[in-house]
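> Quick one: the structure is below, and I'll ask about it shortly.
The values are calculated or read from the model by the stated rules, or taken from the named source; none is laboratory data. All of these numbers come straight from a predicted model, not from anything done at the bench. Because the Cβ atoms are built from the backbone with ideal geometry, glycine has one as well, and the counts that use them run over all protein chains shown. For the accessible areas, the whole protein counts, side chains as well, though only heavy atoms, and no ligand, DNA or RNA atoms are used. Shrake-Rupley method; radii C 1.70, N 1.55, O 1.52, S 1.80 Å.
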Amino acid sequence: FIEGYRKAQLIDVREPKEFDGGHILGARNVPSTQFRQRYKEIRPDKPVYLYDQSGARSARAAMFLKKKGYTQLFQLQGGFKAWTGKVKSKN
């Protein structure tokens, strides 16, 4: 995950409040509750890196994208809680 996420589309599927509280630098927020409506914002021709707080929501998002024909899907194991890289927050 760490090796490739900078060159890919990094998608945070947590809710905006969680995202604003802190997210991986460079991530875009597409909340899981809006995912079905907004997944077209994610390009199918580029790798997609997904994460949430612990892994459950990003797993569902990955399954959904896979059904829509996306092939280069990656998930952050352990979610944001396990992230040790750069973080940006609005607080």
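> Which net charge results when you count Lys and Arg as +1 and Asp and Glu as -1 among the other residues whose beta-carbon is under 14 Å from that of T71?
So the surrounding residues net to +4.
> Separate question: Do the sum for the chain: with -39,500 (n - 2.57) for every DSSP H run of n ≥ 4, divided by all residues, what is the mean residue ellipticity at 222 nm, to the nearest 500 deg cm²/dmol?
After summing the helix terms and dividing by residue count, I get -6000 deg cm²/dmol.
> Another one. Counting only protein heavy atoms and a 1.4 Å probe, tell me what percentage of the chain's accessible area is made up of carbon and sulfur.
Here it works out to 52 percent.
> Taking the Cβ-Cβ separation of D45 and K86 as r and a Förster radius of 22 Å, what is the calculated FRET efficiency to the nearest 0.05?
According to the calculation, E is roughly 0.25.
> Separate question: Which order do D52, D45, D20 take when ranked by solvent-accessible area (1.4 Å probe, heavy atoms of all protein chains), largest first?
Largest to smallest exposure gives the sequence D45, D20, D52.
> Based on the mean of other Cβ atoms within 10 Å per residue, sort peptides 30-38, 81-89 so the most packed one is first.
Result, highest mean first: 30-38, 81-89.
> Taking loop as defined by DSSP and a crowding limit of 10 other beta carbons within 10 Å, which GluC sites (Glu not before Pro) in the stretch 1-54 fit?
Loop-located and lightly packed - E3.
> Give the accessible surface of the chain per residue, rounded to a whole number of Å², with probe radius 1.4 Å and ligands, DNA and RNA excluded.
61
> Can you tell me the 0 to 90 degree angle between the C-alpha axis of helix 56-67 and the longest principal axis of the chain, rounded to 10?
It is inclined by approximately 20 degrees.
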